[in-house]
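Report on the structure given below.
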Amino acid sequence: MADQQTEPAEFSEEAIGHLDALYRGALRLTRDPDRAQDLVQDTYARALRYQHSYQAGTNMKAWLFAIMRNLYWDRFQKANREAVSIDDIGEFALYDQMRDDLGEGPETEVLDRIARSEVVDAVEKLNPLHREVVLLVDVEGFAYKDAAKILEVPIGTVMSRLHRARQQLQKDLFDYAVESGIVGGGLNSRS
Amino acid sequence: MYDCENCVRRLDQLVDKELSGPEVEEVHLHLGACGDCTRRYRFQEGLKRLIRVSGSERAPDALRERLREQLKA
């Protein structure tokens, strides 16, 4: 019993340690700094209220993200939850589109020329179901099984959403790269 | 024998470090022999890294202070 519970001070300290990650996540989810702060604050309030249900030694970051994610859907997406559908854009690989522009140089060189703010915009433009999985796996580095627990979906769903999210991201980044002249559109330009 | 199609299908899991040891070995066996898949793999890895480092905002100090108070209570 005693070793299952965390001392309140320890709990607080560990929880605060995940603040930057939660805030970043809240920013991506809400796309608004004020709403993000509110969401984070409410997440900690709920975590505090339910701290007895947290087991010491388990993944607190995942636990906090699960709380935040549920609050987010309750608050901002409740009305949309049913309506959010995932469009299938088909297979789109930025690499294929850029292959001709990549030439013989390092294949990641073109990525270095993409502005970071543009990547953030592209992530924020994703539909919420795609955005949250990119946030968990790519930004925060959660394993598929942890992401699946947080999102309450099977691992296969995590994988398929992640794949589609990345396709969408690549498509948006490609459009940006063409518009800003980073690439010429390649020989096999989009139809 | 492992072909490009098989390899490409596993690239997501490879960059996410979600393949088992033997599976990683299999993919790398193919990568070692296929320049195109190797470049595709590095590109996907680079993209994942780019996504990770792009949003690196830190929480505002005022929020941190508020939360410390809240958690103390």
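One table, with the values for the structure above:
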quantity	calculated
Total residues in the range A:133-160, condition part of a helix (DSSP H, G or I), facing another protein chain (nearest Cβ under 9 Å) and of a type in the set (Asp, Glu)	1
Filter pass, residue B:67 being of a type outside the set (Phe, Trp, Tyr), more than 24 Å from the chain's Cα centre (by Cα) and facing chain A (nearest Cβ under 7 Å)	yes
Residue among B:57, B:65, B:23 that is of a type in the set (D, E, K, R), assigned to a helix (DSSP H, G or I) and within 30 Å of residue A:46 (Cα to Cα)	B:65
Candidate set from the range B:49-64 (those that are open to solvent by 100 Å² or more (accessible area, probe 1.4 Å) and more than 7 Å from chain A (Cβ to nearest Cβ)); member that is farthest from residue A:22 (Cα to Cα)	B:49
Top-ranked residue of the range A:111-132 - restricted to ones that are assigned to a helix (DSSP H, G or I) and open to solvent by 40 Å² or more (accessible area, probe 1.4 Å), ranked as nearest to the other protein chains (Cβ to nearest Cβ)	A:116
Selection count where residues are charged (D, E, K, R) and modelled with pLDDT under 95, scope the range A:47-68	1
Residue identified as crowded, with 17+ Cβ neighbours inside 10 Å and farther than 13 Å from residue B:47 by Cβ among A:162, A:173, A:135, A:169	A:135
Residues of the range A:142-158 that turn out to be on the phi > 0 side of the Ramachandran plot and either at pLDDT 95 or above or touching a Cys at 6+ places or on another chain (Cβ under 7 Å) (or both), as a count	0
Residue B:45 more than 9 Å from every other protein chain (Cβ to nearest Cβ), open to solvent by 50 Å² or more (accessible area, probe 1.4 Å) and assigned to a helix (DSSP H, G or I)	no
Residue in the range A:7-16 that is open to solvent by 70 Å² or more (accessible area, probe 1.4 Å), assigned to a loop (DSSP other than H, G, I, E, B), free of Cβ contacts under 8 Å to residues at least 24 places away in the same chain and over 21 Å from residue A:149 (Cβ atoms) present	yes
Hits in the range A:30-65 (condition: open to solvent by less than 10 Å² (accessible area, probe 1.4 Å) and of a type outside the set (Gly, Ala, Ser))	A:39, A:40, A:43, A:44, A:54, A:60, A:64, A:65
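Okay, residues lined up against (1) open to solvent by 40 Å² or more (accessible area, probe 1.4 Å); (2) in contact (Cβ under 8 Å) with a residue 12 or more places away in the chain; (3) farther than 20 Å from residue A:96 by Cα; (4) at the interface with chain A (Cβ under 8 Å from one of its Cβ atoms):
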| residue | (1), (2), (3), (4) |
| --- | --- |
| B:14 | no, yes, no, no |
| B:19 | no, no, yes, no |
| B:22 | yes, no, yes, no |
| B:26 | yes, yes, yes, no |
| B:30 | no, yes, no, no |
| B:33 | yes, no, no, no |
| B:38 | no, no, no, no |
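The values are calculated or read from the model by the stated rules, or taken from the named source; none is laboratory data. Model, not experiment: these values are computed from the prediction. No Cβ is skipped: glycine too gets one built from the backbone with ideal geometry, and neighbour counts run over all protein chains shown. Surface accessibility is based on the protein's heavy atoms, side chains included, excluding ligands, DNA and RNA. Shrake-Rupley method; radii C 1.70, N 1.55, O 1.52, S 1.80 Å.
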